[in-house]
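Worksheet: one structure, shown below.
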Amino acid sequence: MPLNVTQKLIQSHLVSGEMTPGTEIGLRIDQSLTQDATGTMVMLELEAMNLDRVKTELSVQYVDHNLLQTDYKNADDHLFLRSACQRFGLWYSRPGNGISHAVHTERFGIPGKSLIGSDSHTPAAGGMGMLAFGAGGIDVAIAIAGEPMYVKMPQIMGVKLTGKLPDWTSAKDVVLEMLRRYDVDGGRGKIIEYYGEGLDCLSAMDRHVIANMGTELGATTTVFPSDQKIQQFLQSQDREEDWVELVADEGAEYDLYEEIDLAQIEPMIACPSSPGNVVRVQEVAGKEVNQVVIGSSANPGLRDFWIVSAIVKDKVVSDRVSFDVNPTSRQTIENLAAIDSAFLDLIHSGARFHQAGCLGCIGMGQAPASDQISLRTMPRNFPGRSGTADDKVYLCSPETAAAAALTGEITDPRRLEDIYTMKYPQFVPPEKEIINTDMLVAPPDNNSEIELEKGPNIKSFPEFEKLRDRVNVPVLLKVSDNISTDEILPAGTRVLPYRSNIPAISQFVYYMVDDTFNERAQAAQEKFGGHVIVAGENYAQGSSREHAAIAPRYLGQVAVLAKSYARIGWQNLVNFGILPLEFANPADYNSIEEADQLELVDIRESLRQKAPIAVRNVNKDLTYKAQYSLSDRQIEIMLAGGLINWYKSRN
Ligand code: MIC
């Protein structure tokens with residue numbers, strides 16, 4: 001049978017299950033990637049699991065999120081991660097070396113290999129023909145310990161690309177067009193594979209942009225073939241020997257089909273406050289802009305920075321606009337500096353040039369002014385994520401961002417031809433990039449004696465009890481559709497330093513939605529032994545941060561009762577022993593109110609029987625049927641009270 005690229009990747013890594021959509025499969029994991037904001041917890045989990053040394057072919061720890069050092073906490077985390085890399089045998093990418101996804105693609109990614117990362121944008125590596133998944137930290141820790149990664153076999157959606165992108169548009173506009181068509185949940189349960197002759201106009205880093213933001217579609221991952229474009233890319237990275245060809249067989253088929261004629265793509269923009277809220281730039285042109293930020297894992301390529309420098313060359317950005325440039329990596333900075341006057345052109349135009357990293361993308365500084373528009377080449381604009389509560393963040397291509405920086409208003413970049421009588425600048429990539437690997441520290445051969453270096457803010461992983469059989473607990477919060485992990489547990493300068501301290505970070509759970517939540521959760525834990533949350537569709541979309549499950553569990557969350565879940569958020573609930581229940585009849589959602597008391601009985605036996613759980617609303621005297629779609633393995637994990645308890649009981 002002719003196979004597509006996804007099927008080839010899955011087949012070559014399959015250790016259990018069959019490629020039947022909806023059933024659980026186990027996959028061998030070759031490489032792992034962790035970043036600091038989620039990685040500290042991964043290292044604490046490795047410690048809790050008593051791991052001696054990584055069992056993957058390669059594992060890399062990046063420091064790219066928690067870069068601001070407003071006190072000792074983040075700096076302590078960096079040292080802790082360095083010691084953990086030495087202790088467990090990981091590579092360490094030093095603070096300021098750059099954003100995990102791009103650095104991994106440039107330095108370590110290999111077509112045909114599998115990758116798991118404690119960051120939801122890990123699928124970016126699918127741009128170079130890898131099978132790459134974002135996951136909660138504990139799933140990454142388990143893979144580092146040599147266990148397979150489990151996922152429900154997705155449907156494979158083939159997106160045929162035809163034609164060639166017009167001037168003033170680029171890869172970001174393509175993925176924004178996908179978001180316009182499918183919104184933030186249209187990719188759920190799917191792997192998106194791009195194919196067709198349109199691929200010829202997309203470089204490896206352009207494909208990275210599209211694969212990165214496949215996460216915003218809710219997709220399990222995104223896959224591109226490994227063709228001549230990837231070969232050229234690996235040549236430019238001095239790693240040609242890592243190239244293998246991986247293309248679909250002649251006559252390969254997909255479960256679902258979609259098509260995009262690239263020639264029809266126009267500059268697109270995602271409006272506040274969802275990546276799925278996409279319109280053509282023209283439709284919102286003229287709105288005054290106060291901030292423009294270039295960078296992030298969603299537009300990390302050298303081209304993405306060069307095109308902006310070429311557009312702003314010999315001009316000065318609007319005096320209303322803060323023009324922030326967040327380079328992807330030190331490699332980007334060195335190479336930008338080596339291309340004619342590109343670096344100087346940016347600086348001269350007024351750019352505020354920052355260190356390499358994620359920065360404002362996760363609210364680590366760069367908060368916009370109140371009630372002002374910020375245009376960003378980033379992947380996400382969930383409410384308040386920027387650090388400003390009433391933010392108005394738009395997501396767009398580097399071309400659209402540069403145009404707004406110059407004019408001070410949202411501007412279709414095609415208009416620059418008239419405003420400045422300029423032609424679309426054509427990027428000629430260097431045949432060989434400047435490569436500097438000095439900021440990547442290799443793991444030592446002998447690791448067993450090394451001590452973990454824990455600052456006072458780093459607290460060991462909390463212990464959780466096994467699942468109870470009966471609970472009678474209040475609904476502490478009722479939320480609507482598409483609640484993101486940024487709303488469940490925000491990031492930003494205030495909260496992120498507590499990622500290695502669950503008791504401390506738990507005070508911020510649901511803080512953005514209801515700042516009395518923590519207090520009420522503690523009271524409910526004392527009085528009733530816990531609480532539940534009621535939610536709409538696609539609960540816990542967005543980031544992979546497992547803290548959005550661990551911290552609620554720490555506060556006594558027993559179950560979530562939702563209409564549906566986002567993949568990683570759902571998996572994280574299971575991993576930390578919170579029941580991810582679904583309404584058998586979604587209309588039941590309407591009859592529950594905050595503070596209703598819900599009684600769940602025979603929980604353990606129902607799980608063993610894989611039977612629905614009856615949820616009695618004590619206040620309304622109603623009973624709802626709650627279902628769940630857990631595999632046998634996940635049921636064992638739930639009964640044990642979470643993945644760590646389960647792992648320990650087997651090792
Ligand atoms: C994000 O883009 O939301 C993040 C920050 O990269 C997260 C990880 C985190 O919360 O630390 C992600 O996407 O997984």
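Annotations
- Consider the range 495-504 and keep the residues that are over 20 Å from the mean Cα position of the chain (by Cα) and in a helix (DSSP H, G or I). The one that is farthest from residue 460 (Cα to Cα) is 504.
- Qualifying residue in the range 370-382 (condition: closer than 29 Å to residue 276 by Cα, within 16 Å of the ligand (Cβ to nearest atom) and assigned to a helix (DSSP H, G or I)): no
- Residue 472 vs. criteria touching a residue at least 12 places away in the same chain (Cβ under 8 Å), more than 16 Å from the ligand (Cβ to nearest atom) and not in a loop (DSSP other than H, G, I, E, B): yes
- Contact annotation: residue pairs with Cβ atoms under 7 Å, 6 or more positions apart or on different chains, pairing a residue in the range 74-85 that is surrounded by 24 or more Cβ atoms within 10 Å (Cβ to Cβ) with a partner that is outside any helix (DSSP H, G or I) and small (Gly, Ala, Ser), are 77/500.
- Helices (runs of 4 or more DSSP H) enclosed by the range 281-352 - at least 2 residues per element that are touching a Pro at 6+ places or on another chain (Cβ under 6 Å): 302-312
- Selection of first residues in the range 368-382 that are buried (at least 24 other Cβ atoms within 10 Å of the Cβ) and of second residues that are among the aliphatic types (A, V, I, L, M) and assigned to a loop (DSSP other than H, G, I, E, B), restricted to Cβ pairs under 6 Å at least 6 apart or on distinct chains, gives the following pairs, ordered by first then second residue: 375/289; 378/298; 379/298.
- Residue ID - surrounded by the fewest Cβ atoms within 10 Å (Cβ to Cβ), chosen from residues in the range 443-487 that are over 25 Å from residue 593 (Cα atoms) and among the small types (Gly, Ala, Ser): 448
- If you go through the range 505-550 and keep only what is away from the ligand (no atom under 16 Å from the Cβ), under 26 Å from the mean Cα position of the chain (by Cα) and among the charged types (D, E, K, R), you end up with 514, 515, 537.
- Residues of the range 475-494 that are part of a helix (DSSP H, G or I), polar (S, T, N, Q) and within 12 Å of the ligand (Cβ to nearest atom): 485 alone.
- Condition check for residue 402: over 26 Å from residue 91 (Cβ atoms) and either in contact with a Pro (Cβ under 9 Å, 6 or more places away or on another chain) or of a type in the set (Gly, Ala, Ser) (or both): yes
- Comparison of 200, 167, 249 shows that the only residue that is in a helix (DSSP H, G or I) and not hydrophobic (A, V, I, L, M, F, W, C) is 200.
Residue-wise test of (1) surrounded by fewer than 24 Cβ atoms within 10 Å (Cβ to Cβ); (2) touching a residue at least 12 places away in the same chain (Cβ under 8 Å); (3) over 26 Å from residue 646 (Cβ atoms); (4) not small (Gly, Ala, Ser).
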position: 489; (1), (2), (3), (4): no, yes, no, yes
position: 527; (1), (2), (3), (4): yes, no, yes, yes
position: 539; (1), (2), (3), (4): no, yes, no, yes
position: 549; (1), (2), (3), (4): no, yes, no, no
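The numbers here are math on the coordinates, done by the rules we state, and not lab data. As the structure is a prediction and not an experimental result, all values here were calculated from the model. We place every Cβ from the backbone using ideal geometry, glycine too, and count neighbours over all the protein chains shown.
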